[in-house]
Structures are given as structure tokens and as C-alpha cells.
Amino acid sequence: MKIDRRELYSGRITLLVLMALTLVPFVSMFTTALHPSGSYPVGIEWPADPQWGNFVDAFNVANMGVLLASSLFIVALVVPVSLVISTMAGFAIGHLRIAGASLLLPLFLFGLTLPYEAIVTPLYQFEKAIGILNTRLAISLPLIALYMPFAVYWMRAHFVSVPREISEAARVDGAGVWALFLKVHVPLARPAIASLGILMTVWTWNQFILALVLVEDPTQRTAAGALGAFQGHYATDIPLLCAGSLLILLPTVIVFVAFQRQVIAALLQGSVKG
Amino acid sequence: MNAADRSMPETSAQTDGQRRSLRTLPFGKVRRDTLLGWLFVLPALAVYGVFVLFPVAMTVNYSLYRWDGFNVPKWVGLDNYKTVLTDPELVNTLFNAFRLIFFFTVIPVVLGLVVAAVIRGSATGKLGHLARTVLFLPQVIPLVAAGIVWTVVLSLNGIANQFLTAIGLKGITQAWLGSFDWALAAVGMIGAWVLLGLCTLLLLTGMSKIDKALYEAARIDGAGAFREFFAITLPSLKQELAVCITVTVIAALRSFDIVYVSTAGGPGNSTMVPGLEIYDLAFFGRSVGTASALGVVLILIILVLILPIQWLSRETGE
Amino acid sequence: MFLAFNRSRKVLGGLAAIALVASACSSSTATATPATSPTTAASTVASAPASSPAAGATACGTAPVTLSAYFETGFQIPFSETAEFTKEFPNVTFNITSDQYANISTSAARLLASDTPPDLIRLPTVVSLVKDKLLKNLDSYATTYGWDKWPASELLQNRVSATGERGSGSLYAFGLNYSMTGVFYNKKLATQIGMTTPPTTVADFEALLAKAKDAGITPIMQWNASKSGGGLVFPLQDLMASYGPTQPINDWVFDKAGATIDTAANLTATQHLETWIKNGYFPSDVNSIEYADANTRFTSGKALFLFNGDWSNADMDKNAAGNVGFFVFPSATAGGSFGTMASPLQYGIAASAKHADCAAFFFNWVATNAAARQINVTIGGSNPGGPADLPVPPAASGSVTNETLAVGPAIAKANGQMDFIANATGSIYASGWTPELQKMVGGKETAAGLLKAVQAEYVKEQNQ
């Protein structure tokens, strides 16, 4: 493709402008976070005396150590469980091709379009009845369930693409279905499982409305849920609020930058497939 | 969303082959495998059934009662639906959701096409790579954080007004999230900011699959960049466009986090969306029935909008 | 303590409070409280727990006990009081959860109905909670501890009748202290525009607004964003009390049959507010200003006036020490009627609380113990209430708290206490006042239209 010079430069300028638009809010937040606590900073303005201590203050004021630990705990519960059960289901639907699978898929797909808001009230009532309200389980169990449509579909797509010959060879060797799954297919599915795991980690970290409704105590919530509470409490102080918000979004940004390729590939394939 | 079926045409061949091979197996073996297979599906299905499908059924059930969440519910038939579809305030939330589609869907898709084309054409190197990463960043942070970031940016003292003042437009500076004329658009722009990166990358992936020979042929025919775009690029992206539109339309209709954090529905309900209204009705106004009816209506609206998109893209995709 | 926070929908508790200031100062009205002379009880309770069955620490026992408590984040009072309590009664500790008021409003019912209901909880409006039988009836504690001998106005707003009207019936809440509202002013800016004494008529006040505007000073700082709830109800309700009697307003808030907010006097009041808006007396971005934001801007000298309550005294003293004054919004004509919003800081006990007796003992201790009362004034900035003959502990000199405490008797004498109009029904603030006031700021609603719309919402909610 040949492109003339003018097109080249106008294109690059467009890109630079859009990148700036994407980044400016973060920069603005960062410079604001460095202003003296309780002040009223204007736009982007480097403070005369940057208050790096604001980050420490925000960390302490918001009880951030506990919040982050809570979020990690939920991730550590939700992600492995979701991975195990969705991989099993994906294997059965995509590889074993069990009878009735064609009925299962639309059922799961419905969940992809579902607005969470529409089911929070019954979830609340149900969890109250079974006594798990206000615990981390209250967020975790619905989250696992809500991930199933995407996760099962995702794993199914992987297993559909695995050549049948692999299984047949293993079966000739006398492997049962369970051994076939554990010894042959799970190792092969590792990349797909890893991408799915990263995605679900980010989503769990960022989950808000379930945390808001199902758990009253911010220290039992996900990071985003806690951030919502933090905003309510410390809106008094714009610089502290900005510092706290940056601290809470930092982990996902780090995960993203570290696993950039997988996250992007996963999300893209995920959306195309899901 | 269920684009998978058609995005992998090679699987249909596999399916046939596999069915054949299954048929050759002894009958008992198939039955046993199917039974085992269902055991593999069971945990996922069970948790999904209990924590998603069952609550959906309960929402439908609640929507037929007047209930405050505590006392004995009173059967009211379809009254709550009548309220949802006639109460000006509730109808307004549905309209707002539709208005948000312009910002959550139209802007990211159109701009995403432009950006993807630019990256393909004039920034295949480091710049393009960097742009992809940067534009994608808003997609990975919590929406709540996006709301907070933009609340600061769009405030009277924010960088948005600082910039407008700098370029001589001081006259139009204002508190954007507090303005009747602009608040919804401002909320919409936050959504566009979040979703642009996703659309860009999806479309970029789609473009990379287009056969270069098509473009060369077109250029030989004397087609300009414009005609090239409409004759080749756009039709080839049908699949990816369908995904972009589906994902962003759903995001618009079920928006909650951003609105909750940035405007809480104000000023004067001008940014109230169904998600937030459901939350308020159920947990604040304690009208669980009306909230549930609004929830059911929202579920139906999303299905009605999404299914045709899926159906259309499927039809032409095969 | 109340609206302020975030998506807060509910505001101040209710009325009163101030009568007790009056009676405390004049103490002539104090009913003889013979049984347990409260004055001495206050000081002896802690040291001699077993001395009286009513006031003894026996209610909490001597074995270690942990009360579960649910407080509002950002308001120090209950945290300080519970810490002090544990110091005096080391066997009693508190497991405190805290959240913003908006979340408490939406979750109180859920919490109270849960399997682990709080022993102590910051309450939003009580009526619906009482209807759902989620709150402990405190009548027997009132008898035991002699609360029923305190000035009746202290407990009025905490009472709910069998028919769901507030202001009479059984006791369901307890005021940790009693707040009042009014107008804070920046002393430096006041001097700058020549204000030497607080205005005595609405016309005086409006003249000051105009002067400030001409001098390039923002006349009134206020919050009006949905997340905080429409703070313009503060000046509006003050105006209502200046142009009409407070009784009809209280009737409306207490859900008395046939009450309406759409009256001629209220229309005049609303028209004044509309004029203020049109004249640019509020910041142009008032519809996106949140509660805390408004306070920060005021204490950093960005405006002459701020309508708020005494709960922000500590904040004022800290961030604008010595530069903030306070007055109650004046009457329409010199010597005419006036009033202001005043309410107890309402706490309650879950109907199925495990340690209800100990929680009630804590309530009584807060109202009668000298150290607890001092904390209320020093940290809360509000009147501690309690028995009429207990003195109100002094605030630090130079604190604006002295000014807010000082106006109490005048309000009481004028019978000027009102409960907050945003507390009338569950969603009247979120679905009525806030959007309508925002529309008025945006030029999309008239004074008459506003009152009609709010009244319609009120009727709609009552019929629900």
C-alpha cells in the first residue's frame, strides 16, 4: 500500500492527539494527587511542593492494605474455581460433544447480554436466605456464575479446535475420559486457560455493583467496590481522592502492561468468540 | 456475541468428521461418554443456574408483585410494567440509555475505524504499537475509576476547561457534569473514552485479515482511498463490526458504574439510566416490584437489539 | 452526619433539640427528676456502676462483651464516644463497621434484618424501619433511665405512632446529640463588604448578597449535586420559616394527614430562592458541587455564606480558625417569625440485637456522663442534650461552636425548630427536592412548579 506523505503525517497526528486524550485524564489525576491535601487544584498544574506523602496518607486513610487483601482473596477464590469448572464444561461441550450441547449454548449465551442490575435484588434476597450476605462469598459465587457464559464459551472454542486424533491416540492407549482430560487436554489448553485467568482477574478486581449491593463492609469488597466507598468518604479531599484512586487502579494497569499481549489477545478473541 | 460459530468455519468440517467417528463407536460407549460429559458440565451449569438463571426467574416473579422487600408481597399482575412504560421519569431513563448508544457505540466504532485504518496505513511500527497499548488502557481500569478521573477532568476547575480557556473558548467553559445540556453527553464521552481502544483493536485485527491483493487490484482500477474503504475494508469487517456494536450497545444499556460515580443521575434526572434507577427503586425507594419490571424490560430491550445484529452478521457471514 | 454524603437521599433526622438548650440555660423549666437525680448520675455512673439498678454498668455485665456497631464514616462522634466508653468499661468493646450515609440509607433495612443485626446503628429516617418491625422499641429503657423526664422535644422526633406518623408514640431512636443549622459566614469577607452584625431581616440579608456580588465575591456557597443531594433545600427551608409558621412544615414532614408543602407562604419563599439563583448569588457550577466540595471551598475563603449545620463546626475551626461566624437565618420583617432545621443525631438498636441492654446503657451514658458530654461539644460541635439540668460543657474559646450553641435558646423561644423537609418520605429528597432544585438552577422550573412537583411526589409516595 502506498501512502502519500500528507496522509502519513495527518494520520500520525490523529493518533498522537487521541493518545493524548486518553492519557491526559491520568496525568491530571496524578498532578492533582500531588497537591496539598484539602486544596483545590486547577487543571494540570505541577505543584510547587509535590506531596508524595498523599499516597501514603491515602493508603492509610482508606485502610488500603485491607482492601487490597480482600480483593486479592476474592480473586484467589473466583478465578481458580471459574477456570476449573469452565474448562471441564468447555471440554465436554467442545470436545466430547455431549448430546444436548446445542441446548446449553444458547442458555449460556443469554448470560452474556444480561444486565447485572436486573438480578441484584433477587441475589440479595437469596443470599440473605442462605446466610452468605456480607461475606466475600456473597460476591464470589455470583461472579463465578456470571463468568460462566464467557468462560465456557471461551474454553469450548479452544477445545473445538483441538484435533480429534489426539484423543483417539490416547484412548487407544486405554486412557479414560478423566485421564484424557487431565493428562492430555488440560496441558494443551494452558495458553487458553492463562488468558482467561488474566481476564477474569481484571474483571473481578473491577467489579462494582455486586460489591455495592451484596457486601456492606468496604473491607470485604472488591477493589472497585472499595473505591466507590472511598469516593464517598473522602470526596472532601480531591488530592487524596485522586491519590487513592490511582493506588487502586494501579494493580490492573500493572497486570495489563505485564501481560499486555495476552490481555489484548484474550479480550479480542473473547469478544469475537464470546 | 455468539460470533464464534461463524468465526471458525473450519470447525464445521471437524464436527462432521467427529460425528462420524462417534457413530462408529459402540453404542454403550457413547452413552457412557455423554453421561460423563454431562458430569463435566454439571458444576458450571449448577452455579450458573443457581446464581444467574434462578435470579432471572425471581426477577420476573417479583415484577408481578408490589413489594418493599420485607413485608408480604401483593400480587398486582402487570401493573408494574404499566408504570415502567408510562411513568415519565422511568421512560426517560430508557430514552437516556438509548441516547448513550450514540456515545458508547457510534463514536468508538467510527473513530475506531479511523484509528485502525491509520495504524494499518501509516503507523505500522513503534508508534502504532504504542497507540494500541495506550488506547486500550481505559479498558482495563475499573469503570468507577474512570468515573472519578473524569469527574476531576470535567469539573469547573478541570483540565477540560483549562484547555478551552487556553484556546480562547473561555466563554463556553462550565461544570459539564452539572449542566442540563451537557451532562449526558459528558457521561457518554466517558464511555467513548473507555470503549475506543477495544473497538480499535478489534477492527485492527479484522483489517489484518483482509487480503492485500484486494487493495492492489482496487488501486490498479484507480480507486481512491475513500472508495477503497467503502468497497473493500468496510464489507470485510462485517464480523468485527457486529462484535463491536454488540459489546458497546450492551455496555450503553447496562451502564451503571460510570453514572453512579460521576453524576448519580443528575442534574434533575437528566443522566438517570435504567441500571441506576433499578438500584434506587429496589434499595432506596423499596419498590422491588417496579425495579424488577424495569429490569425485565431492560433484559428484553437488550435482546431485541442484539439478536438482529447477530442474525444479520451471521447471515452474511456464511 | 447526613445528606452530604454521596448519593445521600435522606437528610437530617428531625426537629427539636434546641428546646433543651433553652431549658439547660434557663433550667427553670426543668422538671424535677426525683428518682435518679441525673446530675449526680452523670458523674457517678462510671465510678459506681452498681449504685443504681437503672444506671449501673450491670446492663453490660462484667464479662467481656463485644457490641456490633454500624457508624457513619467521616463523623467522629460515635467513634470517640465508644472509645471513651471502653476506657471506662474495659469489658465492653465495639466491633465497628462504617460506611457513608448514602449507603447506610440504602442498607439499614437489610442490615437490621440480617442474622447478625447491629447493636448500635446510625439511622436514616425511621418510619419505614419501624413499620417493618426492624427497630427495638426503647420505651422500657426510657422508663428505666428516666429519659421520659427529659425535655419532651428531645425525644419527639424519635417517636413513631402506630399509624406511622412521627412525633408521637413509642420511642425507636436515641439522639447521640442535637444538631442545628443556620448560616456560616466568612468574617474577613463580611468585613470587606461592611457587614458588622448579622442581618435581622431577609431584606438585610439580600442586601448583603447584592453587595458581595458587586464586590466580586461569591455570595453563597452551597452544594447541589445529586450525589450529595440538593443542598439548596437549606436556604429554601430557612426562607419558608421566615415567611410562614413552622408548624405546617413539621406536619408535612411528619406525614400528618392532609398536609401540603404547596402553600402561599412557601411560594413566596421559593420565589426568593429563585431570585437568588437568577441574580447569580450561587456559584455557576452549583449543580455539580458536592457537599464536601462546598465546605472546602467555603473554608478556603471562596464565598461569603454557607448554609449548613453545627456538625461542620470542627471542620470550620480546623480549616478557617477564627474566621467563621454563625447566625440563624433572619425573619422576613424585623421581630417576625423565623426558624431553622434542628435534629437529633439518631441512633437505634436492632429489634433482634444480642446486646440491646448494653447498647441502651451506652445511650444513657453518652447523654449523662460528663466526659461523654464534653466529647459531644468538643468533637461533635453540637448540644449533648440529656437531662435539662445538666450544664452544656463549654467549647474551646474562639470556636464557632460557641456561636451555634448560643443561638439555641432564641430558636427555642421562637418555637422555630423544624425537621428537615428532605426527610418527609423515603425518596422525597432524591426524587423530589434534589431534581426540582437542580431544574430551578438550570432555569427549567419555576417556584410554583417546584412546589407542585414536590407535593405530587409526596402524595405519590404516600400512596405507594
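What follows draws every value from the coordinates through simple rules; no lab data is involved. Keep in mind the model is a prediction, meaning the values are calculated, not measured. Cβ coordinates were reconstructed from backbone atoms using ideal geometry, including for glycine residues, and neighbour counts include every protein chain displayed.
Key figures for this structure:
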| quantity | calculated |
| --- | --- |
| Reference-scaled alpha-carbon Rg (2.2 N^0.38 Å with N residues) for chain A | 1.24 |
| Two-site label geometry, residue B:102 and residue C:214: point separation in nm, points 7 Å out along Cα→Cβ | 4.5 |
| Number of partner chain Cβ atoms within 10 Å, mean per residue of C:222-229 | 6 |
| For chain C: span of alpha carbons on each principal axis (Å, largest first) | 65, 50, 37 |
| Rounded FRET efficiency, nearest 0.05, which uses the C-beta distance separating residue B:170 from residue B:230 and R0 of 35 Å | 0.30 |
| Exposure rule at most 16 other beta-carbon atoms within 10 Å, DSSP loop trypsin sites (Lys or Arg not before Pro): chain C longest free segment | C:1-132 |
| Charge sum, other residues only, whose C-beta stays under 11 Å from residue B:116's C-beta, Lys/Arg counted +1 and Asp/Glu -1 | +1 |
| Total formal charge among the other residues, if their Cβ is under 12 angstrom from that of residue C:357, Lys/Arg +1 and Asp/Glu -1 | +1 |
| Sites residue C:187 and residue C:462, calculated FRET efficiency, Cβ-Cβ separation with R0 41 Å, nearest 0.05 | 0.40 |
| Rounded D (µm²/s) - region C:126-239, Kirkwood Rh over Cα pairs, Stokes-Einstein at 20 °C, 1.002 mPa s | 120 |
| Amide N of region C:291-323 lying under 18 Å from the label point, which is placed 7 angstrom from the Cα of residue A:39 along Cα→Cβ | C:293, C:296-302, C:319-320 |
| Residues C:316, A:200 arranged by fewest to most Cβ contacts within 10 Å | A:200, C:316 |
| Residues of region B:100-129 with amide N under 17 Å of the 7 Å Cα→Cβ point at residue A:8 | B:118-129 |
| Amide N of region A:157-182 lying under 14 Å from the label point, which is placed 7 angstrom from the Cα of residue B:36 along Cα→Cβ | A:167-182 |
| Summed residue charge, Cβ within 9 Å of residue C:424's Cβ, Lys/Arg positive, Asp/Glu negative | -3 |
| Across B:82/C:136; B:74/C:227; C:256/C:452; C:188/C:213; C:213/C:439, pairs whose alpha-carbon gap is larger than 27 Å | B:82/C:136; B:74/C:227 |
| Separation of alpha-carbon centers, region B:96-174 and region C:60-77, rounded to whole Å | 47 |
| Distance (nanometres) between label positions extended 7 Å along Cα→Cβ at residue C:271 and residue C:139 | 4.7 |
| Exposure proxy ranking, count of Cβ atoms within 10 Å, fewest first, for A:27, B:247, B:109 | A:27, B:109, B:247 |
| Cα gyration tensor, region C:79-184 - rounded (a/c under 1.5), prolate or oblate | rounded |
| Using a Förster distance of 25 Å, the FRET efficiency for residue B:220-residue B:114 (Cβ separation, nearest 0.05) | 0.50 |
| Inter-chain Cβ neighbour average for residues A:254-264, partner chain, 10 Å | 3 |
| Residue order, fewest to most surrounding Cβ atoms within 10 angstrom, among A:4, C:317, C:99 | A:4, C:317, C:99 |
| Most mobile of A:178, A:46, A:205 in a GNM of chain A (Cα contacts under 10 Å) | A:178 |
| Angle between chain C longest axis and helix C:400-413 axis [Cα atoms, degrees, rounded to 10] | 90 |
| Overall form of region B:79-317 per C-alpha gyration tensor (a/c, 1.5; a/b vs b/c) | oblate |
| Dipole magnitude of the protein assembly as shown about its Cα centre (Cβ charges: Lys, Arg +1; Asp, Glu -1), debye to nearest 20 | 2940 |
| Magnitude of the charge dipole, chain B, Cβ model with Lys/Arg +1 and Asp/Glu -1, debye to 20 | 740 |
| Approximate spin-label separation residue A:161-residue A:132, in nm, with each point projected 7 Å along Cα-to-Cβ | 3.3 |
| GNM top mover of A:12, A:171, A:156 - chain A, alpha-carbon springs below 10 Å | A:12 |
| Over region C:345-414: Rg over Rh, Cα atoms, Kirkwood Rh | 1.06 |
